[in-house]
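One structure is given below, encoded as structure tokens.
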Amino acid sequence: MKLRKSIVFLVTVFVGAGFLGLVHNLAVAQEAYPSRPVQVIVPFPPGGVADLVARPLAAAMEKILKQPVVVANRGGAGGAVGMQAAAVSKPDGYTLMVALSSISVIPEVDKIFGRPQTYKMEDFAPIALLTSDPTILVIKKEAPWKNVAEFVEDAKRRPNEIKYASSGVYGTMHVAMEMFAHAAGIKLRHIPTAGGGPALTALLGGHVESLSGGPNVSIPHIKAGTLRVLAGWGGKRLQALPDAPTLKELGYEDVEFYIWSGLFAPRATPPAVIKILREATRQAVSVPEFKSAMEKMETPISYMDADEFKKFWDKDAQRLATAVRQIGKVE
């Protein structure tokens, strides 16, 4: 009798385990990624570089993933608010982020202030580099400076009086401008805003005199004659702005700076999901509508897959960390 009961018990256990395994496999099959809408966080307000890249990317990825891909703008603190939200989101592939090079700056700033880190770069898995543009120095058409030399000369006569807008303290627009100011030996007045879009609006509205920003958001206004470009932070002149010299040409060393955009997922996202996202992104950047959107913005696609992007990101992060330490604490 005891033997029979033991056999019945063992059979029940094995059958139950098999049933649970079957249920699990069915659940996994039902949850094949993606099976519902995907959210792409843009940690800046609408109108900036990240937003202008993320929206056509999301539209292209919808066609490939066969699910809605929705852009959610979560601006604040130079991108820190949205980046933290992405870092702590569930790592299931349904929350992604399009971020700029400022993703490397914020952790270094936290170190400078000796405060708990908002997030760590290790919290993210890079999926792909999308674009990479040098920042450009733009001013209002009515501004008195005809070149960088005149701008610098005036800034030396009037320290802290020439105002420039940025996407926030220690954001890409802030770091680039301070790198230039340090190299030129000038003091400028920093007016932080909530993002690249608001910073450009501040310049167009005459609330500031200058800014360093991505060429894609400024070129339409340059062509319209409302803004003028004085120089670029790149290693060579921009094809779209061949008359604008680089700061390096003008004798300012160690000021090369790029605003790049990349797609990220939370670090613990399953490898199988990351693989799907990598392939979807590779296809998305070749979709005619995405390519057309980047051409209209005059932003070249600089696609790199995850492994190559990770090497690029690591090198860029080291350079930016050095720049942040040079800036020091900004209260």
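The values are calculated or read from the model by the stated rules, or taken from the named source; none is laboratory data. The structure displayed is predicted, hence computed values, not measured ones. All Cβ positions, glycine included, derive from the backbone under ideal geometry; neighbour counts span all protein chains shown.
Here are some notes:
- Looking only at residues in region 259-272 that are aliphatic (A, V, I, L, M) and within 21 Å of the chain's Cα centre (by Cα), the one that is farthest from Asp314 (Cα to Cα) is Ala268.
- Single unsatisfied condition, Thr299 versus (1) surrounded by fewer than 21 Cβ atoms within 10 Å (Cβ to Cβ); (2) touching a residue at least 60 places away in the same chain (Cβ under 8 Å); (3) touching a helix residue (DSSP H, G or I) at 6+ places or on another chain (Cβ under 8 Å); (4) in a loop (DSSP other than H, G, I, E, B): (1)
- Qualifying residue in region 187-195 (condition: modelled with pLDDT under 95, within 15 Å of the chain's Cα centre (by Cα), closer than 20 Å to Gly76 by Cβ and surrounded by fewer than 21 Cβ atoms within 10 Å (Cβ to Cβ)): yes
- Condition check for Gln30: at pLDDT 85 or above, of a type in the set (S, T, N, Q) and either within 43 Å of the chain's Cα centre (by Cα) or surrounded by fewer than 10 Cβ atoms within 10 Å (Cβ to Cβ) (or both): no
- In region 253-265, the qualifying residues are those that are modelled with pLDDT of 95 or more and of a type outside the set (S, T, N, Q), and the one that is farthest from Ala184 (Cα to Cα) is Ala265.
- Number of the exception - Lys111 against (1) in the same structural domain as Lys187 (by TED's automatic domain parsing); (2) surrounded by fewer than 21 Cβ atoms within 10 Å (Cβ to Cβ): (1)
- Subset of region 63-90 [buried (at least 23 other Cβ atoms within 10 Å of the Cβ) and at pLDDT below 95]: Gly75, Gly78, Gly79, Ala80
- Applying a threshold of 7 Å to beta carbon distances and a minimum spacing of six or more residues, or different chains, the list of pairs starting in region 33-60 at a residue that is under 27 Å from Ser166 (Cβ atoms) and ending at one that is among the hydroxyl-bearing types (Ser, Thr, Tyr) and crowded, with 22+ Cβ neighbours inside 10 Å reads Phe44/Ser167; Gly48/Ser167; Val49/Ser261; Ala50/Ser261; Val53/Thr131; Val53/Ser261.
- Number of residues in region 44-62 that are over 15 Å from Met297 (Cβ atoms), buried (at least 24 other Cβ atoms within 10 Å of the Cβ) and either of a type in the set (Val, Ile, Thr) or modelled with pLDDT of 95 or more (or both) equals 1.
- Residue within region 105-126 that is in contact with a helix residue (DSSP H, G or I) (Cβ under 7 Å, 6 or more places away or on another chain), at pLDDT 95 or above and within 13 Å of Leu230 (Cβ to Cβ) present: no
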